[in-house]
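Below is one structure, written out as structure tokens; comments come after it.
The values are calculated or read from the model by the stated rules, or taken from the named source; none is laboratory data. This one's a predicted model, so the numbers in the text were calculated from it and none came from an experiment. Backbone-built Cβ (ideal geometry, glycine too); neighbour counts: all protein chains shown. Ligands, DNA and RNA are excluded from the accessible area calculation, which covers all protein heavy atoms including side chains. Shrake-Rupley method; radii C 1.70, N 1.55, O 1.52, S 1.80 Å.
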Amino acid sequence: QVQLVESGGGLVQAGGSLRLSCTASGRTESTYVMGWFRQAPGADRDFVAGISRSGSTFYADSVKGRFTISRDNAKNLVYLQMNSLNPEDTAVYYCAAKRTILGVRSPAYDYWGQGTQVTVSS
């Protein structure tokens, strides 16, 4: 089992920045790919960004150029730096982990955190 705990969410004004963190514990050998998803009220859970253990990164078009995903393998941490936030980025953000690179953009991840709320005011 892998436990994922997110932190760093909050309220920010449009144009501002936030950095989300996710700490993994347990069988961290199962966290080859770490991803961030988000879910707004009444909407599906959407892919935001993903990163492999070797550092390959993947982004949704809606966040490319504004968000940056990174990880510290030694500390079992993954980060999501979010810049130029706008109200459409308001959602609960979830950290997720999976064993393989296949389907990195799909929600078919093996482990999920509880989520952290990000609210962007206009």
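Points to keep in mind about this one:
- Restricting region 71-120 to residues that are outside any strand (DSSP E or B) and among the acidic types (Asp, Glu), the residue that is least open to solvent (accessible area, probe 1.4 Å): ASP89
- Cβ-Cβ contacts under 6 Å between residues 6 or more apart (or on different chains), taken from a first residue in region 46-71 that is within 19 Å of VAL118 (Cα to Cα) to a second residue that is surrounded by fewer than 17 Cβ atoms within 10 Å (Cβ to Cβ) and among the β-branched types (Val, Ile, Thr), are listed as ILE69/THR57.
- Among the candidates ALA49, ALA14, residue that is of a type in the set (A, V, I, L, M) and more than 11 Å from the chain's Cα centre (by Cα): ALA14
Residues are listed down the side, and each one gets a yes or a no for (1) at pLDDT below 95; (2) farther than 24 Å from ASP110 by Cβ; (3) charged (D, E, K, R):
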{"residue": "GLU6", "(1), (2), (3)": "no, no, yes"}
{"residue": "GLY16", "(1), (2), (3)": "no, yes, no"}
{"residue": "ALA40", "(1), (2), (3)": "no, no, no"}
{"residue": "GLY50", "(1), (2), (3)": "no, no, no"}
{"residue": "ARG66", "(1), (2), (3)": "no, yes, yes"}
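- The set of residues from region 40-70 being basic (Lys, Arg) and either open to solvent by less than 50 Å² (accessible area, probe 1.4 Å) or at positive phi (or both) comprises just one member, ARG66.
- Of all residues in region 6-39, those satisfying the criterion of being surrounded by fewer than 16 Cβ atoms within 10 Å (Cβ to Cβ) and among the hydrophobic types (A, V, I, L, M, F, W, C) are LEU11, ALA14.
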